[in-house]
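Working notes, structure below.
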Amino acid sequence: MAKNKMKTHKSAAKRFSVTKNGKIMRRRAYAWHKTGKKRRSTLRKLRLEVEVKPADKKRILRMLGKR
């Protein structure tokens, strides 16, 4: 009997990306809604992607079907 493949968690796949070096990147919060009252420098910083914390890495990789 063959094992079933685990499906990718689609909402996680849209939110996270894995780099070639194995880092998991995510978008910053507060970057989309109510941007008119935020400083330009704040909005520039919010555009950047950041690495996921090590505590969440294993769980996110599992959702993405990488492990």
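Computed from the coordinates by the stated procedures, all read-outs in this text should not be read as laboratory data. Note that the coordinates shown come from a computational prediction; the quantities given were computed from them, not determined experimentally. Because the Cβ atoms are built from the backbone with ideal geometry, glycine has one as well, and the counts that use them run over all protein chains shown.
Taken over the stretch 1-48, the criterion of being touching a Ser or Thr at 6+ places or on another chain (Cβ under 7 Å) and under 16 Å from ILE60 (Cα atoms) is satisfied by MET25 alone.
Of all residues assigned to the stretch 27-48, at least one qualifies as being among the hydroxyl-bearing types (Ser, Thr, Tyr), in contact (Cβ under 8 Å) with a residue 12 or more places away in the chain and surrounded by 10 or more Cβ atoms within 10 Å (Cβ to Cβ). Checked across the stretch 16-26, the condition of being surrounded by 11 or more Cβ atoms within 10 Å (Cβ to Cβ), in contact with a strand residue (DSSP E or B) (Cβ under 6 Å, 6 or more places away or on another chain) and either basic (Lys, Arg) or touching a residue at least 60 places away in the same chain (Cβ under 8 Å) (or both) holds for at least one residue. Based on what the data block shows, is LYS53 touching a residue at least 24 places away in the same chain (Cβ under 8 Å) and not aliphatic (A, V, I, L, M)? It is false that LYS53 is touching a residue at least 24 places away in the same chain (Cβ under 8 Å) and not aliphatic (A, V, I, L, M). For the stretch 51-67, the set of residues classified as aliphatic (A, V, I, L, M) and exposed (fewer than 12 other Cβ atoms within 10 Å of the Cβ) consists of ALA55 only.
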